[in-house]
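Before any comments, here is the structure.
Only the coordinates and a few stated rules stand behind these numbers; no lab work does. Just so you know, these numbers come straight off a predicted model, no measurement behind them. Here the Cβ positions follow ideal geometry from the backbone for every residue, glycine too, while neighbour counts run over all protein chains shown.
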């Protein structure tokens, strides 16, 4: 039996409450995101599983190891347990060396990494522990057909974006 994927939303600035029907939330912990979620913003979604996101749209201009340890610092501040997945949001950037280094540090510390980006570029990066691909093909909710895809962002909205996450990834790899 295949269990259905779970709906997840993400937003630069989190809404006051979760949209109806969503069981997971992704939010920002640092990097070059315009807004790092506060502890209070994360707590709004106490019962939902969570995916922390580190954003790096300009990986060739920074030191990957410094970024990875910055992400770890924020993960520890939020008391996010080992075994959780962190999304590495590269948008349209491609940088295998950065991904390898970031992933190596995260795995050393006990965290998993999904590489996030546009379908046009994300697969040019190493998969780390999987991909979270953005593909607004207009098909409605769907899972991108690639063996390493763990989640698919299928809709970019005015207040939040919508994704599907494979059930076992939702159950075992997201922050509880």
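Put the Cα centre of the range 8-22 next to the Cα centre of the range 58-109 and the gap is 23 Å. A crude spin-label estimate for the pair residue 16 and residue 155, with each label 7 Å from Cα along the Cβ direction, gives 2.1 nm. Gain on full extension, evaluated as 0.36 nm per residue between residue 118 and residue 60 minus their Cα-Cα distance, stands at 19.1 nm. Residue ranges 48-56, 88-96 sort as 48-56, 88-96 when ordered by packing (mean number of other C-beta atoms within 10 Å per residue, highest first). Counting neighbouring beta carbons within 10 Å and listing from fewest to most, the residues 149, 25 come out as 149, 25.
Between the alpha-carbon centres of the range 33-56 and the range 138-164 there is a gap of 19 Å.
Return the percentage of antiparallel bridges among DSSP beta bridges fully within the chain, rounded to the nearest 5 %.
Numbers: 12 of 38 bridges.
Of those bridges, close to 30 percent are antiparallel.
The sum of -39500 (n - 2.57) across all DSSP H runs of n ≥ 4, divided by the residue count of the chain, sets its helix-only mean residue ellipticity at 222 nm to -6500 deg cm²/dmol. Full extension of the chain segment joining residue 3 with residue 167 gains 58.4 nm, where the gain is 0.36 nm per residue of separation less the Cα-Cα distance.
Quick check: residue separation of residue 69 and residue 47 times 0.36 nm, minus the Cα distance between them. What number comes out in nm? Write out the running numbers ahead of the final one.
On the way: separation 22, 0.36 × 22 = 7.92 nm, distance 2.76 nm.
Between residue 69 and residue 47, full extension yields an extra 5.2 nm.
Using bins of 5 Å that start at zero, the share of Cα-Cα pairs per bin across the chain amounts to 1, 9, 19, 23, 23, 16, 7, 1, 0, 0, in whole %. Ordered by the count of other Cβ atoms within 10 Å of each Cβ, fewest first, 35, 103 give 35, 103. When you restrict to C-alpha pairs under 8 Å that are six or more residues apart and normalise by the size of the chain, the relative contact order lands at 22 percent.
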